[in-house]
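Have a look at the structure below before the remarks.
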Amino acid sequence: MAMVSEAIGPALPGSAGAPAPYEDRDRYAVESARAVMQLLQRTIRPRDIVTRKALENAAVIVGATGGSTNGAPHLPAIAHEAGIRFTLDDVAAIMRRTPYITDLKPGGRYVAPDVHNAGGIPVIIKALLDGGLLHGDCLTVTGKTLAENHRDVAFPADQDVIHPVSPTGGVVGLKGSLAPDGAIVKVAGLKHQRFEGSALCFDSEEEASAAVDTRACKAGDVIIIRYEGLKGGPGMREMLSTTSAIYGQGMGEQVALITDGRFSGATRCFCVGHVGPEAAVGGPLALVKNGDRIVIDAGKGTIDLLVPPAELAARKAAWTPRKTDYNSGAIWKYAQLVGPAHLGAVTHPGTDAETHCYADI
């Protein structure tokens, strides 16, 4: 996700990828302060930089690096703040056509410091610019365009961290009867992009983790973790402990996991997250029963529950909202206000509802 800041333009070229202990961070801090003063003098504002094309660039770099599935809600949320409609569908469409050009964990061999040592995020951006995959005319925090910033970046030949390895992006969007509003799956490093199996349902991450720990899951299971979405969690927790346990047991290619919760860059196995509508609002995920057949096809971009429509309608009629322990305070308030994941999980109307720009006051 740090790479996104350089791809959109609010971060100085090369500043987002330096490991925390490196002295480069000190230099970039000073240069960032200088850049702020220059931007003020030139009256260049964040909304001059965060444009639709800049957000498209961000989606490209997420796909090209097999990046965090959190890009799916984060980018629409940034767009919302800038008054731009840019949904999970837009992110997914861009990532699907973006080549995966890095060899990064968890699907590959290398980690973020290796990217830095190979020339950093500017090398990735340069490769994507040369491939015609980025909008080079986007304004950045330097006052120059993305293409101007990277004109003199040389692609290093003595490294194998950054290179074409797949015709498809590392993160793929899914839609279907189980996720009408969409879902996200990371395919970087997966041997197979299609999975069909039987549902094994849990109404919380804790229940699922306990089952995995006792090896109650078997090959062919599609583990469902629901009521962990934005309203149901509340807050869409990361399902990392369960996926780590599955991988640690050597079951990564033998089971799949579907959740209305989320994952991050550390996700391994066939894991589908950000499923919408979430279970807490009566989405299809809430209607799944143990043994239901589910088909996930990342190649086609589909995720379907193989249950007849009449049966699903009957289950929907019998469904009642699940009660939580968060019935007051800030968390309750968040659950009432938060919108769906595919629109950025935002809690206010955004720039579209503004009657004036605060910066002009």
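The values are calculated or read from the model by the stated rules, or taken from the named source; none is laboratory data. Just so it is clear, the model here is predicted, and its values are computed rather than measured. Virtual Cβ from ideal backbone geometry, glycine too; neighbours counted across all protein chains shown. What goes into the accessible areas is simple: the full protein's heavy atoms, side chains included, and nothing from ligands, DNA or RNA. Shrake-Rupley method; radii C 1.70, N 1.55, O 1.52, S 1.80 Å.
Please give the length that would be gained between residue 89 and residue 219 if that part of the chain were fully extended, namely 0.36 nm times their separation in residues minus their C-alpha to C-alpha distance (nm, one decimal). Mind showing how you got there, number by number?
Numbers: separation 130, 0.36 × 130 = 46.80 nm, distance 3.11 nm.
Extra length from residue 89 to residue 219 when fully extended: 43.7 nm.
Would you mind checking 186/218; 175/316; 186/300; 53/105; 53/186 for any pair whose Cα atoms are more than 25 angstrom apart?
Check vs 25 Å cut-off fails for 53/105.
Identify which of 102, 43, 51 has the largest mean-square fluctuation in a Gaussian network model of the chain, with springs joining Cα atoms closer than 10 Å.
Highest fluctuation of the listed residues: 43.
Could you report the accessible area of residue 114 in Å², rounded to 10, computed with a 1.4 Å probe on the protein chains as they sit in the structure?
Looks like 50 Å² after rounding.
Exposed loop GluC sites (Glu not before Pro) only (DSSP loop, at most 10 other Cβ atoms within 10 Å): please give the longest stretch of the chain free of them, not including the sites.
In short, 24-353.
Got a sec? What order do 40, 174 fall in by accessible area at 1.4 Å, biggest, i.e. largest, first? Don't skip to the answer; put the middle values down first.
Details: 40 120, 174 5 Å².
Descending order: 40, 174.
About its Cα centre, how strong a charge dipole does the chain have in debye, to the nearest 20, once Lys and Arg get +1 and Asp and Glu get -1 at the Cβ?
Magnitude of the dipole: close to 460 debye.
Projected onto the charge dipole of the chain (+1 at Lys/Arg Cβ, -1 at Asp/Glu Cβ, origin at the Cα centre), which of 92, 129, 197 gives the Cα projection farthest towards the positive end?
Going by the charge dipole, the pick is 197.
In the chain, carbon and sulfur make up what percent of the accessible area (probe 1.4 Å)?
Exposed carbon and sulfur together represent 55 percent of the surface.
Leaving out ligands and nucleic acids, note down the accessible area per residue over the chain with a 1.4 angstrom probe, in whole Å². If you can, show how the numbers build up before the last one.
Details: 16360 Å² over 361 residues.
It amounts to 45 Å² per residue over the chain.
Among 320, 64, 172, whose Cα sits farthest toward the positive end of the charge dipole of the chain (+1 at Cβ of Lys/Arg, -1 at Cβ of Asp/Glu, about the Cα centre)?
About the Cα centre, the residue reaching furthest to the positive side is 320.
Which order do the peptides 66-73, 138-145 take when ranked by the mean count of other beta-carbon atoms within 10 Å per residue, highest first?
Answer by packing, highest mean first, reads 66-73, 138-145.
Give me the percent relative contact order of the chain, please, defined on Cα pairs under 8 angstrom at least 6 residues apart.
Normalised by residue count, the contact order of the chain is 18 percent.
Roughly speaking, what is the stretch gain from residue 317 to residue 1, that is 0.36 nm per residue apart minus the C-alpha to C-alpha distance, in nm to one decimal?
109.7 nm
At 0.36 nm per residue, and after removing the present C-alpha to C-alpha distance, how many nm does the segment from residue 293 to residue 111 gain when stretched out fully? Don't jump to the answer; show the numbers that get you there.
Details: separation 182, 0.36 × 182 = 65.52 nm, distance 3.64 nm.
Value of the extension gain: 61.9 nm.
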